[in-house]
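The values are calculated or read from the model by the stated rules, or taken from the named source; none is laboratory data. Everything numeric in this text was worked out from a predicted model, so none of it was measured. Glycine gets a Cβ as well: all are built from the backbone with ideal geometry, and neighbour counts include every protein chain shown.
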Amino acid sequence: MFFTPPIQYHEPVFRPPSEWKSLLIQVTIGCSNNKCTYCDMYRSKVYRERSFEEIDHDLNIAKSHYSRLGLTPEKIFLCDGDALGASQELLLKTLKKINNYFPDVRRIGVYATAENILEKTDEQLEELKANKLSIAYLGLESGDDKVLHMIVKGNTARDMLDSSLKIKKAGWQLSTIAMLGVGGRKYSKQHIENTAKILGESSPTFFSFLTTFSVPGTPYHTMLERGLIQPLTAKECLIEMREILAKANYQKNQRIIFRANHVSNQHPLGGVLPSDLEKILKKLDHWIDQTPEGVYPPKPDRM
Ligand code: SF4
């Protein structure tokens, strides 16, 4: 059972689907990039690090809430969009307080950009890991530089690969998310080739897809309306997924937990890569075959 503590969050608040049971603690407000063309998650917020006093206030509320219930959170997730970008000092103070209040917490997670990871030293990442901050969710979106530039991701494919290898070397788990259809029809081929390349080379602990859709008010939406991006059909999105998974050059003894169960995806899919690859491709071939031409993926409420 999960009980939300009465913390006054700075809304809106987002977390990865797998963190639905986690206690959410805002360390930063908004996103330090806040420019990705398709994303409206933090457009209403001005990025800032919170003071330790603000964070401590929320932790105190959470502590009394869980104590009253005789419970402890199993997992904690640090918000907002890229809380790993907060200063090392603030992160360590926060983690130490969390570990003091909730010594049985199993894992602490965070959203991270490639830049956040590259800005930390190996020692800093290891120090955070020693304080149970041990899973980073990285929005790769695409392994292709042209696509990353087009969506104003703020990092190159090289940054994505280097940061993935760096955080794994520090002992963290890495959950990487790629976007289907993000380059539109024009860049689909290179999006497939280069995303597959990063998937194989970075070997994340978890890998997932979401399907790109346009949110009104975003630059991506405007580009679609002006015909500057040709969106992929439902069938083409499935083909992108199939090709990325099939083309990745998996390393020996690799074990990547794969999920495509985001609300934006047409069919829930999962397994372990590369051991379940043949089964997954078979399912995708079936769905590709069943999906009519010219139909676009349905839009979920939010990304
Ligand atoms: S996709 Fe991530 S990095 Fe880009 S603006 Fe949104 S929250 Fe920030």
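If we keep just the residues of region 130-144 that are within 16 Å of the ligand (Cβ to nearest atom) and not in a loop (DSSP other than H, G, I, E, B), which is farthest from ILE229 (Cα to Cα)? Here the answer is ALA136.
Within region 104-129, restricting attention to residues that are in a loop (DSSP other than H, G, I, E, B) and in contact (Cβ under 8 Å) with a residue 24 or more places away in the chain, the residue that is farthest from HIS65 (Cα to Cα) is LYS120. For region 148-165, residues that are free of Cβ contacts under 8 Å to residues at least 60 places away in the same chain, surrounded by fewer than 20 Cβ atoms within 10 Å (Cβ to Cβ) and of a type outside the set (Lys, Arg) total 6.
Residue by residue, here is whether (1) assigned to a loop (DSSP other than H, G, I, E, B); (2) within 27 Å of LYS120 (Cβ to Cβ); (3) more than 14 Å from the ligand (Cβ to nearest atom) holds:
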residue	(1), (2), (3)
HIS10	yes, yes, yes
VAL13	yes, yes, no
CYS31	yes, yes, no
ASP58	no, yes, yes
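For ILE29, the conditions (1) under 30 Å from VAL182 (Cα atoms); (2) without any contact (Cβ under 8 Å) to a residue 12 or more places away in the chain are fulfilled apart from (2). Set side by side, the residues VAL110, VAL105 differ, and just one is under 19 Å from TRP20 (Cβ atoms), within 16 Å of the ligand (Cβ to nearest atom) and in contact with a helix residue (DSSP H, G or I) (Cβ under 7 Å, 6 or more places away or on another chain), which is VAL110. Can you tell me which of LEU84, LEU78, LEU71 is in a helix (DSSP H, G or I) and either out of contact with any Pro (no Cβ under 7 Å at 6 or more places or on another chain) or free of Cβ contacts under 8 Å to residues at least 24 places away in the same chain (or both)? Of the residues listed, the single one that is in a helix (DSSP H, G or I) and either out of contact with any Pro (no Cβ under 7 Å at 6 or more places or on another chain) or free of Cβ contacts under 8 Å to residues at least 24 places away in the same chain (or both) is LEU84. For region 223-231, the condition holds for at least one residue, the condition being that it is within 16 Å of the ligand (Cβ to nearest atom) and either at pLDDT 95 or above or within 20 Å of SER264 (Cβ to Cβ) (or both). Among the residues of region 264-275, not a single one is modelled with pLDDT of 90 or more, under 21 Å from HIS191 (Cβ atoms) and part of a helix (DSSP H, G or I).
Of note, LYS120 satisfies the criterion of being out of contact with any strand residue (DSSP E or B) (no Cβ under 9 Å at 6 or more places or on another chain), modelled with pLDDT of 95 or more and either under 30 Å from LEU59 (Cα atoms) or hydroxyl-bearing (Ser, Thr, Tyr) (or both).
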